[in-house]
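The values are calculated or read from the model by the stated rules, or taken from the named source; none is laboratory data. Bear in mind that the values here come from a model prediction, so they are computed numbers and not experimental data. All Cβ positions, glycine included, derive from the backbone under ideal geometry; neighbour counts span all protein chains shown. Heads up: the accessible areas ignore ligands, DNA and RNA and are worked out on the full protein's heavy atoms, side chains in. Shrake-Rupley method; radii C 1.70, N 1.55, O 1.52, S 1.80 Å.
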Amino acid sequence: MEKFTVHTGTAVPLRRSNVDTDQIIPAVYLKRVTRTGFEDGLFSAWREDPSFVLNNPAYAGASVLVAGPEFGTGSSREHAVWALNDYGFRVVISPRYGDIFRGNSLKQGLLTVELPQAAVETLWDLVEADPATAIEVDLAAREVRAGGQSWAFELDDFLRWRLMEGLDDIGLTLRHEEAITAFEGHRPAFGVLVG
Amino acid sequence: MSRTLAQKVWDAHVVRRADGEPDLLYIDLHLLHEVTSPQAFDGLRLAGRKVRRTDLTIATEDHNTPTDNLLTIADPVSRTQIETLRRNCAEFGVKLHPLGDPQQGVVHVMGPQQGLTQPGMTIVCGDSHTSTHGAFGALAFGIGTSEVEHVLATQTLPQALPKQMAVTVTGELPPGVSAKDLILALITQEGTGGGRGYVVEYRGPAIEKLSMEGRMTVSNMSIEWGAKAGLIAPDETTFAWLKGRNFAPEGQDWDDAVAYWRSLPTDDGATFDKEVFLDASALTPFVTWGTNPGQGASLDAVIPDPESFASESERAAARRAVEYMDLTPGTPLRDLSVDVVFVGSCTNGRLEDLRTAADVLRGRKVADGVRMLVVPGSAAVREQAEQEGLHEVFTDAGAEWRFAGCSMCLGMNPDTLQPGQRSASTSNRNFEGRQGKGGRTHLVSPAVAAATAVTGHLSAPADLDAVGAR
């Protein structure tokens with residue numbers, strides 16, 4: 001996973017709430033067995049509408065998505081994160097996320113920042129007034145800066161450290177393999193064994 | 001110290017705890033299906049890793065499978081995904097119930113029906129409806145593909161302890177009102193984000209009276225209001241359901257297991273971070289009108305005016321939903337005509353659900369112009385239903401009796417809505433395009449689905465008696 005410290009980019013204002021993962025990438029794109037190349041599926045139903053914000057050339061090349069509350073609810077499909085990453089997004093900003101999507105994003109180096117609704121609305125206004133507005137997302141300082149304003153965000157120390165170091169969870173866990181083996185030694189006898 | 005059910009299950013699975021880090025939790029059962037596993041197996045191969053515990057891992061095929069036959073997967077992309085799962089399971093030594101196997105079916109039906117799901121376990125699957133298994137007092141939650149790979153490699157997951165919420169459902173469900181109506185009403189009351197950050201325990205007299213099938217319907221939809229998991233304390237109903245199933249303990253192991261399971265319910269005096277209440281006796285058949293599961297109403301209500309909602313984000317979502325669903329505020333929900341009725345899914349594809357729908361349909365006909373699909377949640381459910389003659393009730397009524405799979409719950413297999421079609425569906429998500437691009441979904445209970453099939457518009461079984469349709 002790529003290390004994340006500070007990211008600066010322009011933003012797309014997605015003025016919608018409850019953007020579920022079926023909207024981020026419809027199920028038909030989930031039939032693939034690869035891990036890359038999902039950018040064509042990103043918001044594919046909505047992108048058929050020429051007035052959809054992602055079709056506005058003013059926002060071409062943006063790497064920060066600013067969305068309404070309950071972003072990424074619903075299905076556990078990690079494809080939603082892959083599609084956002086593959087399209088070129090590095091950061092999503094929303095007041096609230098679906099839990100599974102949030103977990104997936106932080107494992108894939110897509111920083112999902114939680115800011116209050118008022119901050120999101122200010123960012124929407126700034127970006128709509130000037131699509132070239134630079135949004136600076138500073139993970140070290142846990143701060144978003146844009147248009148001369150700044151907003152602090154929360155992310156627990158462990159998750160932040162892992163993102164900043166670009167660490168793979170499996171490698172971290174396998175450092176504790178002895179503890180896993182020890183635990184397995186005293187699981188109850190009536191436990192289910194499939195095979 | 002007094003602990004909740006979820007805390008007890010959690011504590012029993014902590015492999016490692018360190019300050020400033022998430023707990024490392026042991027996973028007792030890992031369920032796999034074809035959609036969210038291929039990239040995880042690829043990851044193992046790339047790193048030269050094995051599946052640590054093939055004896056705690058089991059796979060089935062469900063999302064892509066056809067429901068009109070057991071032999072041919074027409075879509076080559078779907079077929080490749082299924083074949084990839086078969087290859088991966090063979091290569092890594094994972095047990096698989098493929099299409100045509102007597103235990104094949106929707107992953108959350110397949111596990112419980114074999115007795116794989118038991119109280120006190122930790123269960124994960126790359127599928128958000130893994131919350132279903134919480135009905136047995138297991139801590140069960142959906143994970144992404146990176147986590148699937150993590151569990152395959154280590155049989156553990158790093159997890160931060162969520163907050164605890166109790167949902168107490170008082171009173172008694174009125175006749176004709178089911179577990180599905182209960183959970184739809186709760187989600188509308190609390191909103192799609194209401195459970196976010198919490199492990200929920202459903203409790204109270206109305207929950208205790210539910211069958212295991214009903215409890216699974218409730219736990220299944222925990223994710224639809226954002227909860228991490230939704231548990232129900234194991235009790236005599238749970239034990240009776242489990243006893244004798246393929247993987248249920250036997251003899252002394254059974255007695256030991258039951259003794260342990262009896263220690264799991266939340267202690268008197270345990271505290272929750274949040275409490276929510278719902279009065280079951282005030283509930284009616286409940287349906288959704290919008291494009292998220294929190295946009296629901298009593299079947300007796302009308303399409304709400306989007307401007308009547310409290311916050312701007314709710315108003316904007318309601319405006320968009322009314323437009324997408326092609327609705328006029330003020331229209332009675334009963335006036336909405338449907339093109340398709342779907343009975344099935346991990347929410348309502350179990351034997352009891354099929355019995356309920358068949359009871360409504362017996363001696364009646366599906367309305368002209370309405371297509372009704374009845375899709376058992378598993379091959380085993382299909383077989384049991386046929387032993388009871390339910391399939392004849394459905395086919396006599398003019399409904400399609402199909403093979404097991406996720407079917408029309410999501411647009412990954414041939415069973416989809418056409419653009420603009422409206423459905424009454426016993427599944428769990430009414431998102432835009434969920435059942436097929438441009439499709440419009442109303443979530444309903446099995447009883448409402450069957451009654452709607454008869455009249456052609458959203459209806460409850462009681463409406464049928466009123467018009468003398470029998």
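Figures for the structure shown
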| read-out | value |
| --- | --- |
| Relative contact order of the range B:183-298, pairs being alpha-carbon contacts under 8 Å that are 6 or more residues apart, as % | 35 percent |
| Label-point gap, in nm, between B:ALA160 and B:ALA259 - each point 7 angstrom along Cα→Cβ | 3.9 nm |
| Computed accessible area, B:CYS346, all protein chains, 1.4 angstrom probe, square angstrom | 10 Å² |
| Flagged links, alpha-carbon separation over 29 Å, of B:LYS95/B:LYS209; B:LYS180/B:LYS365; A:LYS107/B:LYS209; B:LYS209/B:LYS365 | B:LYS95/B:LYS209; A:LYS107/B:LYS209; B:LYS209/B:LYS365 |
| Estimated FRET transfer efficiency when R0 is 22 angstrom, pair A:ALA141-B:ALA18 (beta carbons, to 0.05) | 0.30 |
| log10 of Debye I(q)/I(0), alpha-carbon scatterers only, for the range B:5-275 at 0.10, 0.11, 0.17 Å⁻¹ | -0.52, -0.63, -1.40 |
| Relative contact order of chain B, pairs being alpha-carbon contacts under 8 Å that are 6 or more residues apart, as % | 17 percent |
| For B:145-154, mean number of other protein chain Cβ atoms within 10 Å | 6 |
| Equivalent ellipsoid semi-axes, chain B, via Cα gyration tensor eigenvalues times 5, rooted, Å | 33, 26, 22 |
| Leading residue at positive end of dipole, the range B:356-401 (Cβ point charges), from B:VAL370, B:VAL393, B:VAL381 | B:VAL370 |
| Nearby lysines by direct alpha-carbon distance to B:LYS437 (threshold 21 angstrom, same-chain neighbours under 8 apart not counted) | A:LYS31 |
| Debye intensity ratio in log₁₀ form over the Cα atoms of the range B:367-470, taken at each q of 0.15, 0.16, 0.18, 0.24 Å⁻¹ | -0.65, -0.73, -0.92, -1.39 |
| Scattering curve values for the range A:6-167, log₁₀ I(q)/I(0), Debye with Cα scatterers, q = 0.10, 0.12, 0.13 Å⁻¹ | -0.32, -0.47, -0.56 |
| Lys, Arg +1 and Asp, Glu -1 on Cβ, resulting dipole of the range B:333-466 about Cα centre, debye, nearest 20 | 440 debye |
| Cα centroid of the range B:299-342 to Cα centroid of the range B:91-159, whole Å | 36 Å |
| Chain lengthening between B:SER337 and B:GLU312 when straightened (0.36 nm per residue, less Cα-Cα) | 6.0 nm |
| The range A:9-32 residues near the modelled A:LEU54 label - backbone nitrogen below 17 Å, point 7 Å along Cα→Cβ | A:10-32 |
| Estimated [θ] at 222 nm from DSSP helical runs (n ≥ 4, -39500 (n - 2.57)) normalised by residues in the protein assembly as shown, nearest 500 | -9000 deg cm²/dmol |
| Segment B:GLU172-B:LEU70, extension gain: residue separation times 0.36 nm, minus the distance between their alpha carbons | 32.5 nm |
| Local electrostatic count, A:ASN56, Cβ distance below 12 Å [Lys/Arg +1, Asp/Glu -1] | -1 |
| Nearest-10 value in Å² for the accessible area of B:GLU250, using the 1.4 Å probe | 140 Å² |
| Kirkwood hydrodynamic radius over Cα pairs of the range B:1-152, then Stokes diffusion coefficient at 25 °C and 0.890 mPa s, in µm²/s | 151 µm²/s |
| Å² per residue, accessible surface of the range B:5-275 at 1.4 Å | 31 Å² |
| Cβ-Cβ FRET estimate between A:ALA182 and B:THR271, R0 fixed at 45 Å, reported to 0.05 | 0.90 |
| Under 11 Å, Cβ to Cβ, from A:VAL120 - net charge with Lys/Arg +1 and Asp/Glu -1 | -1 |
| Total accessible surface hidden between B and A, rounded to 100 Å², 1.4 Å probe | 5300 Å² |
| Rounded percent of accessible protein surface that carbon and sulfur make up, the protein assembly as shown, 1.4 Å probe | 50 percent |
| Globularity index of the protein assembly as shown, i.e. its alpha-carbon radius of gyration over 2.2 N^0.38 Å | 0.91 |
| Cβ-based charge dipole, the range A:44-141, positive-most Cα from A:ILE93, A:THR112, A:PRO131 | A:THR112 |
| Over 30 Å (Cα to Cα) - which of B:LYS243/B:LYS274; A:LYS3/B:LYS228; B:LYS50/B:LYS243 fall in this group | B:LYS243/B:LYS274; B:LYS50/B:LYS243 |
| Gain in span if fully extended, B:ASP300 to B:GLU400, counting 0.36 nm per residue against the direct Cα distance | 33.1 nm |
